[in-house]
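Student: I am attaching a structure below and will ask some questions about it afterwards.
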Amino acid sequence: MATDGGLLQEVSQFLYHEARLQDTHAYDDWEALWDDDAVYWVPANGEDTDPEREMSFIYDNRSRISLRIKQLKTGKRHSQTPPSKLARIISNIELLDSADSQIRVAANAMIFESNLRGDTVWAARNEYTLRRVGDILKMSRKKVALVNNDKPIYTLSFLV
Amino acid sequence: MSVEVPRQQWASLIESGRVHGSLYCDPEIFKIELEKIWYRAWVYVGHTSEIPNRNDFVTKSIGPMPVLMVRDREGEVRLLLNRCPHRGNAVCVVEKGNRASFTCPYHSWTFANDGRLMGYAFPDGYEGVEKSTLGLSAVPRIAIYKGFVFGSMATDGPTLEEHLGGALRAIDQLCENSPEGEIELTAGFLRHRTKANWKFILENECDGYHPGFVHASIFSIADSKIGELYGGESTALTRDFGNGHTEVDLRPEFRRRDVPLSWFGTSTERLPAYVAAMEAAYGADRAREIMIDGTPHTMIFPNLFIAEIQLFVIQPIAVDESIQHVTALQFKGAPDFNRRMRQQTMGSVGPAGFLLADDTEMYERNQRGLSIRDPEWLFLNRGAHRERRDENGFLVGHATDDLPSRGIWRHYKSLMEAV
């Protein structure tokens, strides 16, 4: 699609903001980015599987996202106690299409995680569906396609 | 193979209520385990529903070694080793598919999916060579029980049914929860890598002592009754079937509740199609009993864990590295039930699961802890004073006792001591 500099700038800022909330474990603020029809999807065994029929690492609707956040906030989610230290780079941001109030965006993510086990690098191709709600953007869908999701992966209990 | 360990050494490492830490972290012991357990005993490989059609294949494993589980062109299930007899190349590098033959990319040797060498390039160079001796190797023994495919790398030994013994009941119990008496594995596997020895995973599967603590974070916020099953007041039992097979038998708790499908955290009103199919298949009375008892929580040594609504396969990679393969169980003829099992499985297990991320965190902490030199032993004596025999002669204990671990180590010792 034709580059819309203003929209690209706005979307990029949204994605960087989301990345920072995840990296800093700002759980409530991250949860607040989601719209009510949320789908948070981390497929396994490829990018084009059917999450209604096949296993995914994460396939959360809005209420399961909320449960995930509540669990992290108990302080007894052992795999995040202490929390992973994280820094991620979001790059290659591309507007795929926008119609009405919906914007589809692709980006790559590279995440460095340091925890009790050691240091792990994660790489993913992400796809987002954002929606304009009043003056702000909300996330209605986020797909995180880890590039090695067809192989065994270590515990993934931070917000990816 | 590494040096033979004298018989008495195993007795000095494995006592009835404690085991030596080196069993989880000595690379030499791991090499011996591969020879004496993984490449000798019956090991679960896969399920026939993963290769429903002729010429289907899927990559599975026995220990760290990949195995091709194939349904050949005649419909027979075979376990082939993915190593070209010529130079060792892989004849198949895709995980699953449908193929009548496999061609090695290196020199184009081509094998039928029953393992026979069909042809090689420029055959005039192989004058006098007996082609029939150059097929793909097969796992020497294969046995199938109700669709569960097991392999043994030993040419002889106990039969599969002798090996499974009392644990056969668990597979029977599981299959009865399907209105058609069969389970299917059709949802694909999540694969979870961990820096821990495989035996920490094996022992944890029937450790009823940990859930209230390791999983407190999810039990405290979800409307879950799982915690009660593993409390101090629980009437659930740990059981040692012998041959290393163990279970947590939750049926006493579910029978006390006396509510069909309570074991699955739901009710008959919510799954009317399933209930109708069960009643049609088994009659109302028997269907009610099955739906009260639910599915088993049984660990079949060394690698198949039937975890109520999931199936786990434990794979050792190195002394300190393992993979947990997990998928949702699916009951043939129960689409409404199956959808819920997939949803619950994705929430609870795998690398991001509400439960398994934390179990796996524990395995890794256990493993790292063993680098600390003192004490050298792990203590497995909980409930030793209250072990008793059930009506079938199997040892049983309280839901939170270490009885399953003791049973696992008893069998492990016998395998490691065997010549």
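Student: Which is among the charged types (D, E, K, R), within 14 Å of chain B (Cβ to nearest Cβ) and closer than 26 Å to B:Val94 by Cα, of A:Lys151, A:Lys142? Lay out the reasoning, then the answer.
Tutor: Details: A:Lys142 fails: closer than 26 Å to B:Val94 by Cα.
The conditions single out A:Lys151.
Student: Quick one: is A:Val133 away from chain B (no Cβ under 13 Å), surrounded by fewer than 18 Cβ atoms within 10 Å (Cβ to Cβ), within 16 Å of A:Ala87 (Cα to Cα) and not polar (S, T, N, Q)?
Tutor: Considered against the rule, which asks whether it is away from chain B (no Cβ under 13 Å), surrounded by fewer than 18 Cβ atoms within 10 Å (Cβ to Cβ), within 16 Å of A:Ala87 (Cα to Cα) and not polar (S, T, N, Q), A:Val133 comes out as no.
Student: Could you pull out the residue among B:Ile144, B:Ile171, B:Ile201 that is β-branched (Val, Ile, Thr), in contact (Cβ under 8 Å) with a residue 12 or more places away in the chain and in a strand (DSSP E or B)?
Tutor: Only one candidate passes the filter, namely B:Ile144.
Student: For region B:273-305, name all the residues that are free of Cβ contacts under 8 Å to residues at least 60 places away in the same chain and either over 20 Å from B:Glu247 (Cα atoms) or part of a loop (DSSP other than H, G, I, E, B) (or both).
Tutor: B:Val275, B:Ala276, B:Glu279, B:Gly283, B:Ala284, B:Asp285, B:Arg286, B:Ala287, B:Arg288
Student: Among the residues of region B:115-124, how many are touching a residue at least 12 places away in the same chain (Cβ under 8 Å), in a loop (DSSP other than H, G, I, E, B) and either touching a His at 6+ places or on another chain (Cβ under 8 Å) or surrounded by fewer than 17 Cβ atoms within 10 Å (Cβ to Cβ) (or both)?
Tutor: 3
Student: When the residues of region A:28-72 are filtered to those that are assigned to a loop (DSSP other than H, G, I, E, B) and of a type in the set (S, T, N, Q), which remaining residue is farthest from the other protein chains (Cβ to nearest Cβ)?
Tutor: A:Thr49
Student: Counting just the residues of region B:348-391 that are assigned to a helix (DSSP H, G or I) and aliphatic (A, V, I, L, M), which one comes out nearest to B:Phe189 (Cα to Cα)? Can you show your working first?
Tutor: Step one: of region B:348-391, the residues assigned to a helix (DSSP H, G or I) are B:348, B:356-369, B:384-386.
Retained after the next criterion (residues that are aliphatic (A, V, I, L, M)): B:356-357, B:362, B:384.
Values: B:Leu356: 14, B:Ala357: 16, B:Met362: 22, B:Ala384: 37 Å.
Result: B:Leu356.
Student: Mind telling me which of the residues A:Asn126, A:Asn92 ends up being within 21 Å of A:Leu15 (Cβ to Cβ), surrounded by fewer than 17 Cβ atoms within 10 Å (Cβ to Cβ) and of a type in the set (S, T, N, Q)? Give the derivation first.
Tutor: Working: A:Asn126 fails: surrounded by fewer than 17 Cβ atoms within 10 Å (Cβ to Cβ).
Exactly one of A:Asn126, A:Asn92 is within 21 Å of A:Leu15 (Cβ to Cβ), surrounded by fewer than 17 Cβ atoms within 10 Å (Cβ to Cβ) and of a type in the set (S, T, N, Q), namely A:Asn92.
Student: How many residues does region B:325-347 contain that are in a helix (DSSP H, G or I) and crowded, with 22+ Cβ neighbours inside 10 Å?
Tutor: Total meeting the criteria: 5.
Student: Does B:Pro260 satisfy the criteria of being within 19 Å of the chain's Cα centre (by Cα), more than 30 Å from B:Leu370 (Cα to Cα) and either surrounded by 20 or more Cβ atoms within 10 Å (Cβ to Cβ) or of a type outside the set (A, V, I, L, M, F, W, C) (or both)?
Tutor: no
Student: Here's something else I'd like to know. Can you pull out every residue in region B:212-226 that is over 15 Å from B:Glu308 (Cα atoms) and not in a loop (DSSP other than H, G, I, E, B)?
Tutor: Matches in region B:212-226: B:Gly212, B:Phe213, B:Val214, B:Ala216, B:Ser217, B:Ile218, B:Phe219.
Student: Of the numbered conditions (1) of a type in the set (Asp, Glu); (2) at pLDDT below 95; (3) in contact with a helix residue (DSSP H, G or I) (Cβ under 8 Å, 6 or more places away or on another chain), A:Asp60 satisfies every one except a single condition; which is it?
Tutor: (2)
Student: In region B:49-62, how many are surrounded by 20 or more Cβ atoms within 10 Å (Cβ to Cβ) and touching a Pro at 6+ places or on another chain (Cβ under 7 Å)?
Tutor: Count: 0.
Student: Here is a follow-up. Looking at region B:125-154, which of its residues are of a type in the set (S, T, N, Q) and either in the same structural domain as B:Val313 (by TED's automatic domain parsing) or buried (at least 17 other Cβ atoms within 10 Å of the Cβ) (or both)?
Tutor: Of everything in region B:125-154, just one residue is of a type in the set (S, T, N, Q) and either in the same structural domain as B:Val313 (by TED's automatic domain parsing) or buried (at least 17 other Cβ atoms within 10 Å of the Cβ) (or both), namely B:Ser152.
Student: Sort out which residues of region B:306-324 are among the aliphatic types (A, V, I, L, M) and part of a strand (DSSP E or B), and write them in order of number.
Tutor: B:Ile306, B:Ala307, B:Leu311, B:Val313, B:Ile314, B:Ile317, B:Ala318, B:Ile323
Student: Have a look at A:Ala19, A:Ala87 and point out the one that is under 14 Å from the mean Cα position of the chain (by Cα), within 12 Å of A:Val160 (Cα to Cα), assigned to a helix (DSSP H, G or I) and not hydroxyl-bearing (Ser, Thr, Tyr).
Tutor: A:Ala19
Student: Looking only at region B:300-333, count how many residues are more than 14 Å from every other protein chain (Cβ to nearest Cβ) and over 10 Å from the mean Cα position of the chain (by Cα).
Tutor: The number of residues fulfilling the criteria is 5.
Each row is one residue, and each column tells you yes or no for (1) touching a residue at least 12 places away in the same chain (Cβ under 8 Å); (2) surrounded by fewer than 18 Cβ atoms within 10 Å (Cβ to Cβ); (3) of a type in the set (Lys, Arg).
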{"site": "B:Gln8", "(1), (2), (3)": "no, yes, no"}
{"site": "B:Leu23", "(1), (2), (3)": "yes, no, no"}
{"site": "B:Lys31", "(1), (2), (3)": "yes, yes, yes"}
{"site": "B:Pro66", "(1), (2), (3)": "yes, yes, no"}
{"site": "B:Ser108", "(1), (2), (3)": "yes, yes, no"}
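Student: Out of curiosity, is B:Ser234 surrounded by 14 or more Cβ atoms within 10 Å (Cβ to Cβ), modelled with pLDDT under 95 and touching a His at 6+ places or on another chain (Cβ under 8 Å)?
Tutor: It is true that B:Ser234 is surrounded by 14 or more Cβ atoms within 10 Å (Cβ to Cβ), modelled with pLDDT under 95 and touching a His at 6+ places or on another chain (Cβ under 8 Å).
Student: Right, something else. Looking at region A:73-89 only, could you name the residues that are within 10 Å of chain B (Cβ to nearest Cβ) and surrounded by 20 or more Cβ atoms within 10 Å (Cβ to Cβ)?
Tutor: The answer is A:Arg77, A:His78, A:Ser79, A:Gln80.
The values are calculated or read from the model by the stated rules, or taken from the named source; none is laboratory data. These figures come from a predicted structure and were not determined experimentally. All Cβ positions, glycine included, derive from the backbone under ideal geometry; neighbour counts span all protein chains shown.
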